[in-house]
Amino acid sequence: MGVIRLGYVHVRVTDLEGSAEHYRNTLGMDQVTEEGGRLYLKSWDEHDHHSVVLEGGGVGLVKLGYKVATSADLDEFEQRATAFGAEVARMTKGDNVGVGDGLRITLPSDHVLELYSDVEYLGNATGTWNPDPWPREGLRGIGVPRLDHTLVTTEDPVLLERFFAEVLGFRTAERLVAGPDNDQLVGSWMFCGEQPHDIAFVKGAQGKLHHFAYHVDDWSSLLRAGDVFSMRDVPIDFGPARHGITRGETIYFFDPSGNRNEVFAGGYRTGPDFRTITWTMEKAAQGINYTHRELDPDFLNVVT
Ligand code: M3P
Ligand code: FE
């Protein structure tokens with residue numbers, strides 16, 4: 001029962017060919033199909049039809065897809081989202097290539113969230129019988145294994161946190177708070193499984209994307225990702241560094257259209273008994289960049 005993970009991120013890109021090159025050859029994703037001007041991509045250790053969709057025309061997020069365990073969950077989430085006052089519609093098989101019936105929710109932050117349980121199974125690159133630890137034919141670029149999380153912005157983090165908790169059963173791993181009494185929520189990092197976060201949001205404009213992140217195995221994979229960025233002239237935002245929040249290791253970088261991506265390693269384990277961690281504004285720079293303890297204002301201002 002419940003939400004399993006971030007399944008797909010559907011983004012707009014100004015330069016479809018240049019962006020396809022970035023996601024295929026820098027990140028190392030495979031193109032599954034192209035339909036109706038949209039490119040559907042998948043990382044090597046993902047099993048479902050796709051995890052990233054690229055669409056030409058602008059920048060930023062079209063929608064996020066989160067996979068739920070059963071179709072009965074969709075009924076439950078529909079009721080709860082409607083009771084919460086969110087705009088909810090049913091989506092039907094074929095609305096997204098490879099994805100079955102589901103639910104389309106407009107979040108209080110104006111982002112579109114799709115929930116689905118039925119999705120075409122393609123399998124990962126190493127299979128389920130005596131698998132190799134990684135594809136023996138090799139990987140391109142970084143060779144990211146999978147998508148990890150997204151971070152979006154909202155005018156009302158309190159309301160969005162309440163939505164994810166009350167409607168979708170997410171829990172809060174970490175909060176960033178402001179104000180003399182530390183009672184103003186600036187950001188929230190929430191999980192549905194055992195990762196430190198499956199979604200996060202910080203206060204900002206409605207409907208915007210701060211970044212979406214790919215998992216990489218460890219610190220040396222992260223440093224190697226940095227090598228790939230340098231070889232391929234990919235603009236870096238910051239890193240390699242350690243996050244205070246989530247304890248993950250990170251490099252932020254940009255796709256050719258200016259959408260921010262992240263490679264993320266490490267992070268602690270959560271679960272239903274995890275107790276929320278709180279960061280205050282005087283330690284915010286350390287929370288985000290524990291290594292350097294400073295933040296370029298553009299890191300918070302640049303969203304797509
Ligand atoms: C992360 C993370 C911001 C903090 C970002 C933190 C945008 O991306 O993965 O923990 O303030
Ligand atoms: Fe992140």
Lysines whose Cα lies under 27 Å from that of residue 67, excluding same-chain neighbours fewer than 8 positions away:
42, 93, 203, 208
Choice from 29, 91, 231 with maximal GNM fluctuation in the chain (Cα, 10 Å cutoff):
231
Relative contact order as a percentage, the chain, C-alpha pairs under 8 Å and 6+ apart, gives 18 percent
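If you build the Cα gyration tensor of segment 173-250 and take the root of 5 times each eigenvalue, what three semi-axes come out, in whole angstrom, biggest first?
Numbers: eigenvalues 149, 46, 31 Å².
Semi-axes (√(5λ), whole Å): 27, 15, 12.
Counting only helical runs of four or more DSSP H residues, what would the 222 nm mean residue ellipticity of the chain come to if each run contributes -39,500 (n - 2.57) and the total is spread over all its residues?
Numbers: 6 runs with 53 residues, N = 304.
For the chain, the value works out to -5000 deg cm²/dmol.
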Which distance in Å, rounded to a whole number, links the C-alpha centroids of segment 180-215 and segment 257-274?
10 Å
With a 1.4 Å probe and every protein chain left in place, tell me how much accessible area residue 134 has, in Å² to the nearest 10.
150 Å²
Output the relative contact order of segment 73-174, whole-number percent, from Cα pairs under 8 angstrom with separation of 6+ residues.
23 percent
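So what is the relative contact order for segment 3-116, in percent, with contacts set as C-alpha pairs under 8 Å and at least six apart? If you can, show how the numbers build up before the last one.
Working: 220 pairs, mean separation 30.5, N = 114.
Worked out over segment 3-116, it gives 27 percent.
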Alpha-carbon centroid distance for the pair segment 138-176 / segment 83-100, whole angstrom:
19 Å
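How large a share of the accessible area of the chain, in percent, is made up of carbon and sulfur atoms when the probe is 1.4 Å and the other protein chains stay in place? Before the final figure, lay out each step's value.
Numbers: 6280 of 13330 Å².
Reported share for carbon and sulfur atoms: 47 percent.
Give, in nm to one decimal, the length gained when the segment between residue 132 and residue 31 is fully stretched (0.36 nm per residue of separation minus the Cα-Cα distance).
Working: separation 101, 0.36 × 101 = 36.36 nm, distance 2.16 nm.
Gain on extension, residue 132 to residue 31, equals 34.2 nm.
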Residue farthest toward the positive end of the dipole of the chain, with Cβ of Lys/Arg at +1 and Asp/Glu at -1: which of 129, 39, 193?
193
How big is the dipole moment of the chain about its Cα centre under a simple scheme where the beta carbon of each Lys and Arg is +1, that of each Asp and Glu is -1, and everything else is neutral? Debye, nearest 20, please.
380 debye
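With the cut-off at 1.5 for a/c, could you classify segment 196-240 from its C-alpha gyration tensor as rounded, prolate or oblate? Can you show the working numbers first?
Details: a/c = 3.23, a/b = 1.66, b/c = 1.94.
Oblate, since a/c reaches 1.5 and b/c is not below a/b.
Tell me the per residue accessible area of the chain using a 1.4 Å probe; a whole number in Å² is fine. Let's see the in-between values first.
Values: 13330 Å² over 304 residues.
Here the per-residue accessible area is 44 Å².
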If you consider only alpha-carbon coordinates, what radius of gyration and Dmax does segment 3-116 have, in Å?
14.6, 44
Taking square-rooted eigenvalues a ≥ b ≥ c of the alpha carbon gyration tensor, is segment 55-115 rounded, prolate or oblate, where a/c under 1.5 means rounded and, failing that, a/b exceeding b/c means prolate?
oblate
Can you tell me how the chain classifies by the Cα gyration tensor, rounded, prolate or oblate, using a/c under 1.5 as the rounded cut?
rounded
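The values are calculated or read from the model by the stated rules, or taken from the named source; none is laboratory data. This one's a predicted model, so the numbers in the text were calculated from it and none came from an experiment. All Cβ positions, even for glycine, are placed from backbone atoms using ideal geometry, and neighbour counts span all protein chains on display. Only protein heavy atoms, including side chains, enter the accessible area calculation; ligands, DNA and RNA are left aside. Shrake-Rupley method; radii C 1.70, N 1.55, O 1.52, S 1.80 Å.
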